[in-house]
Amino acid sequence: MPQFGDYQLDIYFAGLSGVTPRLPVDFATLERRAAAALPPAILKYVQGGCGDEHTQRRNVDAFREWGIVPRMMVDCTTRDLSVDLFGMRLPSPLFMAPVGVTALCAQDGHGDLQAARAAAATGVPLTVSTLTNDPLEDVAAVMGGTPGFFQLYTPKDRELAESLVRRAEAAGYKAIIVTLDTWVTGWRPRDLNDANFPQLRGHVLSNYTSDPRFRTMLGAEAAGHVPAVVKTWAGTFGKVLTWADMPWLRSLTRLPIILKGICHPDDARRAIDEGADGIYCSNHGGRQANGGIAAIDLLPGIVEAAGPVPVLFDSGIRSGTDVAKALALGATAVGVGRPYLYGLALDGTAGVVHVLRSLLAEADLLMAVDGFPDIATLRAAGAVRMTGRSTG
Ligand SMILES: Cc1cc2nc3c(=O)[nH]c(=O)nc-3n(C[C@H](O)[C@H](O)[C@H](O)COP(=O)(O)O)c2cc1C
Ligand SMILES: O=C(O)C(=O)c1ccccc1
């Protein structure tokens, strides 16, 4: 049975013929390389966050305050990293988080398609944002057998929301992830200082321009006219969802509904009471509110509140060790954001595959070394909070 950790052997053996990996396996070097490759405006948008970005940094740094205690004398020659999610058996607990400018990170402007091909190659699901350069149907068509999730930014226009969800269902997406924390964008100095907001330049709006309801809203004479498209988009983009909208949301689909951006246990409980099938604990990678608390520190409370309901997690995952810690703290599946964008920027589909394989290899090897043959044993062991001074 192939194991994710075999990627390490592949790399070392290739080295015997003088071949080294095209991309680095660590995040810091990857980010540095991608920073040199991406257009400055895209880099700032991707790399930046809210306010002075201390929440974004905390998301990453807080992982160092959690530790996994190794166990010995356990047979871990093979590891099983597969997970069950909404009746699907996934080969690994990793998924790609939704990113509204994935398209623009790729050199050809079709990053959603390239990420979808990476999903096909790795079995790691892609969450397709509402904001893409290729319509959601086209992206779904290249995912191979790997399930895809559709992330909904709920428009103010209900008929448009209904149309997008219907299209996602028809295209074969396996879940609808409704993002709650971004009906308005947070205060992002890097972008504000350059007056830089890609969507307002007419990018990544293909799910709108391909939508019959949006076209009606736009009017026939305005179709293809970028300022009119952007104006109509900006007019409908961000609906503030409240609990009162849950019955309506729930009525839109029989697919699992996952609420993204849940950070408080009471919200997790309420979401489940109102019919959500999954909870997605995330602070949007520190891009939305500079609230100061790392998402990983909020995960245990969410997991406890969710009970048997699956909890997806993202924000700050930079290594396989981080993946393992999130699993130990109870996440059912772990989302990665910026790292796969950097792989995409540097080497397209192959770059994304490399980043995902590196994350999985490191997580797998940690489990091998630390005596956890599967995720259930890792989760049962948990992670310990290291108090006092960190030497990290
Ligand atoms: C450039 C960028 C665009 C994003 N766009 C979306 C989006 O369209 N929808 C969404 O739900 N989340 C979006 N996110 C948030 C990610 O889904 C995820 O929560 C975050 O990137 C996780 O943090 P990480 O980048 O530290 O891994 C975006 C993140 C980035 C970096
Ligand atoms: O940039 C983001 O984080 C994001 O999710 C987004 C996407 C579209 C419009 C505004 C924000």
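Structure notes:
- Residues that are acidic (D, E) and away from ligand 1 (no atom under 13 Å from the Cβ), drawn from segment 162-181: E162, E169
- Within segment 261-311, the residues that satisfy the criterion of being within 25 Å of A244 (Cβ to Cβ) and among the charged types (D, E, K, R) are D266, D267, R269, R270, D273, E274, D277.
- Test: residue in segment 77-90 that is under 22 Å from L164 (Cα atoms) and either touching a helix residue (DSSP H, G or I) at 6+ places or on another chain (Cβ under 9 Å) or open to solvent by less than 10 Å² (accessible area, probe 1.4 Å) (or both): no
- Taking the listed residues D61, D112, D108, D80, the one that is touching an Asp or Glu at 6+ places or on another chain (Cβ under 8 Å), among the charged types (D, E, K, R) and farther than 20 Å from F372 by Cα is D112, with no other qualifying.
- The residues of segment 91-107 that are within 16 Å of ligand 2 (Cβ to nearest atom) and open to solvent by less than 10 Å² (accessible area, probe 1.4 Å), listed by number, are M96, A97, V101, T102, A103, C105.
- Scanning segment 240-292 for residues that are among the small types (G, A, S) and either more than 18 Å from Y153 (Cβ to Cβ) or within 16 Å of ligand 2 (Cβ to nearest atom) (or both) yields A244, S251, G261, A268, G275, S282, G285, G286, A289, G291, G292.
- Selection status of P93, within 16 Å of ligand 1 (Cβ to nearest atom), within 19 Å of E169 (Cα to Cα) and of a type outside the set (K, R): no
- Meets criteria (of a type in the set (A, V, I, L, M, F, W, C), on the phi < 0 side of the Ramachandran plot and more than 16 Å from ligand 2 (Cβ to nearest atom)) for M88: yes
- Evaluated against (1) within 30 Å of G291 (Cα to Cα); (2) touching a helix residue (DSSP H, G or I) at 6+ places or on another chain (Cβ under 8 Å); (3) open to solvent by less than 10 Å² (accessible area, probe 1.4 Å), T321 falls short on exactly one condition, (3).
- Residues in segment 175-192 that are within 12 Å of ligand 2 (Cβ to nearest atom) and over 17 Å from E274 (Cα atoms): 9 in all.
- Listed by first and then second residue, the pairs linking a residue in segment 36-58 that is over 28 Å from D108 (Cβ atoms) to a residue that is of a type in the set (S, T, N, Q) and away from ligand 2 (no atom under 13 Å from the Cβ), with Cβ atoms under 6 Å apart and 6 or more places separating them unless they lie on different chains, are C50/N290; G51/N290; T55/N290.
- On inspection, L38 does not qualify as more than 16 Å from ligand 1 (Cβ to nearest atom) and surrounded by 12 or more Cβ atoms within 10 Å (Cβ to Cβ).
- In the set E162, E169, E137, only one residue is under 25 Å from M217 (Cα atoms), in contact with a Lys or Arg (Cβ under 7 Å, 6 or more places away or on another chain) and charged (D, E, K, R); that residue is E137.
- Single unsatisfied condition, R58 versus (1) more than 26 Å from A294 (Cβ to Cβ); (2) of a type in the set (K, R); (3) in contact with a helix residue (DSSP H, G or I) (Cβ under 8 Å, 6 or more places away or on another chain): (1)
The values are calculated or read from the model by the stated rules, or taken from the named source; none is laboratory data. Computed from a predicted model, the values in this text were never measured in an experiment. When we count neighbours, we look across all protein chains shown, and the Cβ atoms used for this are built from the backbone with ideal geometry, even at glycine. The protein model used for the area step is the full one, side chains on, heavy atoms only, and it has no ligands, DNA or RNA in it. Shrake-Rupley method; radii C 1.70, N 1.55, O 1.52, S 1.80 Å.
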